[in-house]
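Here is the structure we will look at.
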Amino acid sequence: MADKLNPGELFPDLALNIAGNGTLSLPGDIDSPLTLLLFYRGHW
């Protein structure tokens, strides 16, 4: 299981594949200092 972030810790660098063959780098591609991310797993 992954470690949890504690208050004050930085979000780790993460690259996600997105629809349309692109990628989203987090937190590098986010301009706002406050961001809420929702992950939807879809239907299994």
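Report yes if some residue within segment 5-15 is of a type outside the set (Asp, Glu) and in contact with a strand residue (DSSP E or B) (Cβ under 6 Å, 6 or more places away or on another chain); otherwise report no.
Yes, the conditions are met somewhere in segment 5-15.
Scan segment 4-27 residue by residue and report those that are in a loop (DSSP other than H, G, I, E, B) and surrounded by fewer than 10 Cβ atoms within 10 Å (Cβ to Cβ). Before you say what the answer is, go through the steps one by one.
Filtering segment 4-27 down to residues in a loop (DSSP other than H, G, I, E, B) leaves 4-13, 19-21, 27.
If the condition is that a residue be in a loop (DSSP other than H, G, I, E, B) and surrounded by fewer than 10 Cβ atoms within 10 Å (Cβ to Cβ), then 4, 6, 7, 8, 9, 10, 13, 19, 20, 21 are the ones that fit.
Here, each number is a calculation from the coordinates, and none is a lab measurement. Keep in mind that this is a model prediction, so the values were computed, not measured. Virtual Cβ from ideal backbone geometry, glycine too; neighbours counted across all protein chains shown.
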